[in-house]
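Have a look at the structure below before the remarks.
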Amino acid sequence: MNLLLDTCAFICFQAASDVLSRTARAAIPDSRNEVYMSAVSAWEIGRKYASGALVLNASPDLLIPRVREESGIESLPLMESDALMAEKLPRLHRDPFDRILIAQALVNGMKIVTPDEAFHAYPVHLIGDRHGYGPQGVTTATPSTGGPAAHEFDWIHGNFIPAVAWDTEEGKSR
């Protein structure tokens, strides 16, 4: 599996935090998986560290490469196609860094490791869901109502299209 760590997942992994689900904590060091950290997450960590919003045991320029090297986590550059895809995403998640990570996962066919429930608004595969949706904690994005995704993704044109209106009480389309 190709896994993309979101920023929070990387921070929690390096701190051995139990914020991540057991499934996510097991998937990251699993040698059957290719695990990536986006350059966007490195930038976000650096910004938060510089502003004092994030406390780390070492500066990001030392910590990030060391943890990546020790854990076999590859760096994922931000490509033009990722940036263009991010702008096509609906603003269902307010964090622009996370929208770029979602775009990278979509473009590169990756699953995102995250404890962030806001990712459920997008059609990405997630690992790390604390609620245990799906087999082995893997889920596709669905809104919190439990119904189908609020938007469908047109893979041919790279756009989101509105989904059918759903009756959440009966789980039927209208």
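Before moving on, here are some points about what is shown:
- Failed item in (1) in contact (Cβ under 8 Å) with a residue 24 or more places away in the chain; (2) touching a strand residue (DSSP E or B) at 6+ places or on another chain (Cβ under 9 Å), with Pro65 passing the rest: (1)
- Taking the conditions (1) at pLDDT 90 or above; (2) within 15 Å of the chain's Cα centre (by Cα) in turn, Ala58 satisfies each one other than (2).
- Helices (runs of 4 or more DSSP H) (entirely within the range 1-112) containing at least 1 residues that are among the acidic types (Asp, Glu): 39-51, 60-71, 80-88, 96-108
- Any hit, the range 40-49, residues being in contact with a helix residue (DSSP H, G or I) (Cβ under 9 Å, 6 or more places away or on another chain) and surrounded by fewer than 13 Cβ atoms within 10 Å (Cβ to Cβ): no
- Out of Asn57, Asn2, Asn33, sole residue that is under 19 Å from His120 (Cα atoms) and not aromatic (Phe, Trp, Tyr): Asn2
- Within the set Ala83, Ala58, the sole residue that is more than 18 Å from Gln14 (Cβ to Cβ), surrounded by 12 or more Cβ atoms within 10 Å (Cβ to Cβ) and out of contact with any helix residue (DSSP H, G or I) (no Cβ under 6 Å at 6 or more places or on another chain) turns out to be Ala83.
- Test: residue in the range 144-157 that is outside any loop (DSSP other than H, G, I, E, B), at pLDDT below 80, more than 10 Å from the chain's Cα centre (by Cα) and closer than 21 Å to Ile11 by Cβ: no
- Selection from the range 95-118 of residues that are touching a residue at least 24 places away in the same chain (Cβ under 8 Å) and among the basic types (Lys, Arg): Lys111
- Cβ-Cβ contacts under 7 Å between residues 6 or more apart (or on different chains), taken from a first residue in the range 21-37 that is farther than 16 Å from Met110 by Cα to a second residue that is crowded, with 20+ Cβ neighbours inside 10 Å and acidic (Asp, Glu), are listed as Ser21/Asp129.
The values are calculated or read from the model by the stated rules, or taken from the named source; none is laboratory data. Computed from a prediction, not measured in an experiment: that's the story for all the values here. Note that we place each Cβ from the backbone using ideal geometry, even for glycine, and neighbour counts take in every protein chain shown.
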